[in-house]
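**Student:** Right, I'll just put the structure down here and ask away after.
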Amino acid sequence: SHGISAFYIWQRTKAPMTFGSDFISMLQHTMDNAMAQSPVKIQLMNRFMDIPSEFYTPSKIGALFHQSIFNDLFSLKGLSLTVGLRYDYEEVSIKYDTQTSLDYESYRFGSKIGEGRYSVEYKGDQKHRYNPLLPKVALKYNFDSNDNIKANVYTLFSKGYRAGGYNIQMLSDYMQNDVQKNRGVLENDPDINNAIIYKPEFSLNYEIGSHISIFKDRLHLDASLFYTDLKDQQIARFAQSGLGRYTSNAGKSHAQGFEISAKGYILDNINSWVLALNYGFTDAKFDKHDDIYIGKKLPFSPRNTLNISSVYNIALQSKCLDNISIGASYNGLGKIYFTESNDFFQDYYSLVNARLSFNFNMGTNSSFGYSNDLELSLWTNNIFNSKFSLFYFDSQSKGFVQMGRGVQGGIDIRFKF
């Protein structure tokens with residue numbers, strides 16, 4: 001198989017930002033400390049600092065790919081080789097124009113001696129092109145099968161890619177400092193251009209596993225081991241001021257672990273019952289990063305993930321009500337680190353959810369011949385009101401935590417026509 005794809009993204013963003021009176025007070029305090037030994041004092045006159053910003057960030061993206069499958073390799077029945085290659089072309093551009101100013105009055109020994117305006121404007125444009133080659137090789141062996149059992153083992157290698165881009169939110173953080181220096185117009189300033197870009201992320205992925213189906217496809221079992229090498233991994237960081245978040249590249253990291261899953265279908269002439277279990281274990285660490293982070297766990301990479309679900313469908317002999325579905329699930333997650341230093345984390349936690357659905361047959365559309373279906377669902381999430389953290393960040397020497405939602409319930413209505 002082969003294919004080609006291409007598309008163009010046109011994006012223009014207006015992102016005005018306003019720093020309020022607390023920021024002006026903080027800036028005034030910083031300037032007072034810096035000029036503590038000087039007879040001249042500077043008094044900022046603004047209550048707010050507005051930063052009107054406009055960004056033009058178009059992208060041109062194209063890809064060519066081909067995949068070939070060779071069956072009965074070396075005349076060995078059941079052995080197959082899959083070879084694929086993908087060529088990506090991506091051109092990302094940015095054109096930016098953002099500015100701000102602060103009015104001030106100057107005093108000497110308490111007497112006004114002048115007034116003026118601090119100002120800074122960033123203008124610039126840059127373009128970057130990426131054209132990676134992404135290979136894929138998979139070897140699979142299908143064992144002799146019958147109606148009761150089907151099984152295979154496989155090994156897989158692939159190269160992954162995540163595009164680079166621009167941190168447009170970083171400009172406001174730099175501007176806070178440059179406005180105090182009254183730097184005026186900075187056009188394609190190299191420090192600014194280097195600060196806003198982040199590079200692509202590449203991965204080398206290795207996997208070995210097996211798929212098994214038994215009891216006439218009523219039970220499916222899967223297991224796999226994986227190892228991933230990451231280069232220039234894209235990670236989220238907060239600016240030193242604590243007033244913005246940006247994407248940067250770590251040196252190298254790796255992730256290794258395994259996944260197992262089972263899914264069973266318990267059937268009779270009328271009703272059905274589906275049971276599923278999925279478990280994954282991941283150990284992900286920095287290998288080359290800032291020295292203090294080498295060996296630390298990767299942020300936002302759960303060590304354990306567990307899902308157990310059950311759905312029972314009751315078929316009804318009714319002209320209107322087709323079936324009733326009763327479902328419940330258990331979802332476990334953790335340990336999760338939120339910082340590169342691993343000093344804040346969420347231990348393993350679990351959520352139990354339930355859902356009751358009624359599926360109605362509303363008849364057939366006489367004009368088009370398709371059926372109209374109505375689904376009414378009653379649901380509740382986090383039944384036992386588990387407490388857990390979703391996100392954490394530091395800002396101005398303070399830690400902030402976003403907590404997960406407690407027990408919830410609701411009604412969903414879906415109509416298909």
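**Student:** Just to confirm, what accessible area per residue do you get for region 12-78 at 1.4 Å probe, in whole Å²?
**Tutor:** Normalised by residue count, the accessible surface of region 12-78 is 66 Å².
**Student:** Can you tell me which lysines have their Cα less than 17 Å from the Cα of residue 60? Leave out same-chain residues fewer than eight positions away.
**Tutor:** 95, 127, 199
**Student:** I would also like to ask the following. Report, in whole Å, the centroid distance computed from the Cα atoms of region 319-363 and region 372-417.
**Tutor:** 9 Å
**Student:** Using every Cα-Cα pair within the chain, state what percent have a distance larger than 29 Å.
**Tutor:** 67 percent
**Student:** Take the alpha carbon atoms of region 1-85, find their radius of gyration, then divide it by 2.2 N^0.38 Å using N residues; give the quotient.
**Tutor:** After normalising by residue count via 2.2 N^0.38 Å, the value is 2.56.
**Student:** A further question follows. Please compute the volume of the convex hull spanned by the alpha-carbon atoms of region 242-312 and report it per residue in Å³.
**Tutor:** About 135 Å³ per residue, rounded to a whole number.
**Student:** Another question, then. Counting Lys and Arg as +1 and Asp and Glu as -1, each charge on the Cβ, what is the dipole of the chain about the Cα centre in debye, to the nearest 20?
**Tutor:** Roughly 240 debye, rounded to the nearest 20.
**Student:** Given Cα pairs under 8 Å that are at least 6 residues apart, what percent is the relative contact order of region 106-237?
**Tutor:** 28 percent
**Student:** I'd like the distance separating the alpha-carbon centroids of region 14-64 and region 80-152, in whole Å.
**Tutor:** 23 Å
**Student:** Then there's this: What does the charge count near residue 76 come to, summing +1 for each Lys or Arg and -1 for each Asp or Glu among other residues with Cβ under 15 Å from its Cβ?
**Tutor:** Its environment carries a net charge of 0.
**Student:** Count the net charge of all other residues whose Cβ sits under 15 Å from the Cβ of residue 150, scoring Lys and Arg as +1 and Asp and Glu as -1.
**Tutor:** Residues near residue 150 contribute +1 overall.
**Student:** Could you list the square roots of 5 times each eigenvalue of the Cα gyration tensor of region 182-238, that is, the equivalent ellipsoid semi-axes, sorted largest first and rounded to whole Å?
**Tutor:** Each semi-axis is the square root of five times an eigenvalue, giving 51, 12, 8 Å.
**Student:** Would you kindly state how much longer the chain becomes between residue 290 and residue 375 on full extension, computed as 0.36 nm times their sequence separation minus their alpha carbon distance, in nm to one decimal?
**Tutor:** In short, 25.3 nm is gained.
**Student:** Percent relative contact order of region 1-138, based on C-alpha pairs within less than 8 angstrom and at least six residues apart?
**Tutor:** 26 percent
**Student:** Find the eigenvalues of the gyration tensor of the Cα atoms of region 271-417, then list the square roots of 5 times those eigenvalues as equivalent ellipsoid semi-axes, largest first, in whole angstrom.
**Tutor:** Equivalent ellipsoid semi-axes, largest first: 44, 16, 15 Å.
**Student:** Here's a follow-up. Any idea what the relative contact order of the chain is, in percent, if you count C-alpha pairs under 8 Å spaced at least 6 apart?
**Tutor:** With pairs under 8 Å counted, the relative contact order is 8 percent.
**Student:** Express the accessible area of region 258-297 per residue in Å², computed with a 1.4 Å probe while the remaining protein chains stay in the model.
**Tutor:** Ligands and nucleic acids excluded, the figure is 62 Å² per residue.
**Student:** Then there is this: Label-point separation (nm) for residue 403 and residue 386, each offset 7 Å from Cα along Cα-to-Cβ?
**Tutor:** Going by the 7 Å Cα→Cβ label model, 1.6 nm.
**Student:** Net charge near residue 258, counting Lys/Arg +1 and Asp/Glu -1 over other residues with Cβ under 13 Å of its Cβ?
**Tutor:** Counting the neighbours of residue 258, the net charge comes to -3.
**Student:** Below 21 Å, Cα to Cα, which lysines can residue 387 reach? Residues fewer than 8 away in the same chain don't count.
**Tutor:** Partners within reach: 335.
**Student:** OK, next. Two decimals is fine: what's Rg over Rh for region 71-117, C-alpha atoms, Kirkwood radius as Rh?
**Tutor:** A ratio of 1.87.
**Student:** Rounded to the nearest percent, how much of the accessible area of the chain (1.4 Å probe, protein heavy atoms only) is carbon and sulfur?
**Tutor:** The computed percentage sits at 55.
**Student:** Rounded if a/c is under 1.5, else prolate if a/b beats b/c, else oblate: with a ≥ b ≥ c from the C-alpha gyration tensor eigenvalues square-rooted, which is region 301-362?
**Tutor:** prolate
The values are calculated or read from the model by the stated rules, or taken from the named source; none is laboratory data. Keep in mind the model is a prediction, meaning the values are calculated, not measured. Positions of Cβ are generated from backbone atoms using ideal geometry, with glycine treated the same way; all protein chains shown enter the neighbour counts. These area figures cover heavy atoms from the full protein model, side chains too; ligands, DNA and RNA do not enter into them. Shrake-Rupley method; radii C 1.70, N 1.55, O 1.52, S 1.80 Å.
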